[in-house]
1. If I go through segment 135-175 residue by residue, how many of them are touching a helix residue (DSSP H, G or I) at 6+ places or on another chain (Cβ under 7 Å) and of a type in the set (A, V, I, L, M)?
2. Which of the residues spanning segment 87-107 are in a loop (DSSP other than H, G, I, E, B) and on the phi < 0 side of the Ramachandran plot?
3. Is it the case that Arg103 is at pLDDT 70 or above, under 15 Å from the mean Cα position of the chain (by Cα) and assigned by TED's automatic domain parsing to the domain that holds Leu162?
4. Only strands (runs of 3 or more DSSP E) wholly contained in segment 1-66 count here; list those with 2 or more residues that are polar (S, T, N, Q) and modelled with pLDDT of 80 or more.
5. Select, from Leu183, Leu159, Leu140, Leu177, the only residue that is surrounded by 12 or more Cβ atoms within 10 Å (Cβ to Cβ), at pLDDT 95 or above and either out of contact with any Gly (no Cβ under 7 Å at 6 or more places or on another chain) or closer than 16 Å to Ile116 by Cα (or both).
6. Quick one: Ala124 ticks every box in (1) within 17 Å of Trp92 (Cα to Cα); (2) of a type in the set (Gly, Ala, Ser); (3) assigned to a helix (DSSP H, G or I) bar one, so which box is it?
Amino acid sequence: MQQRSMSNFDLYDFGNAIQFVGCIMEGAGRVLLVPFPDQDAEPLMEITPELLRVGNDEWAALFAQTDSGDVRTPAGVILRKGQRQIDSNVSWRVYERDDFRCRYCGSRKPLTVDHIDLWEDGGATVAENLLTTCRHCNKLRGNRDYDEWIESNDYKRRLSRLSAEVQAANAAIVATLPHLRTLRVTTQRTR
């Protein structure tokens, strides 16, 4: 097993290109790789893991980068990440389509994807229902419906950072909401 240090990685890859897919547990003479419930475990079994050695400050930076509300509680990060895994190929197509910029404020890092038709309402996890957003804007939007969000003062304060083209594209999405709602999954999901 190859050992690595944080100097071998770009911190911004964590939570973007490198994501939580489960956890590793140890005890009673065993080491267990425990994938999240909907994670396909077969590809994980074929990968030779790398050991990443990090200190306390680096752990704090990793959990802050991966969207933890509290770097002292990694369990919250792991549970939240496991509840809605988005295929990385879909995420990267969305990032590329949106020029690797937040569609709400124009920033570049750290990026995530936001469901236009809310995930909590059954919104589909497909590229046409996703926008590239920075973590801050994604959290700020929260569970507001898209049309409510782009009329909010929070969004309007960000407009000066966006090109006229992006502003128009964001506004045009409102007309697509009825179609996006037809793509909803039938099983209700919760955070």
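The values are calculated or read from the model by the stated rules, or taken from the named source; none is laboratory data. Everything numeric in this text was worked out from a predicted model, so none of it was measured. A quick note on method: Cβ atoms are made from the backbone with ideal geometry, for glycine too, and the neighbour counts reach across all protein chains shown.
1. 6
2. Result: Asp87, Asp98, Arg101, Cys102, Arg103, Tyr104, Cys105, Ser107.
3. yes
4. Working: elements: 2-5, 22-27, 30-35, 50-53.
In segment 1-66, 2-5 are the strands (runs of 3 or more DSSP E) which contain 2 or more residues that are polar (S, T, N, Q) and modelled with pLDDT of 80 or more.
5. Leu177
6. (3)
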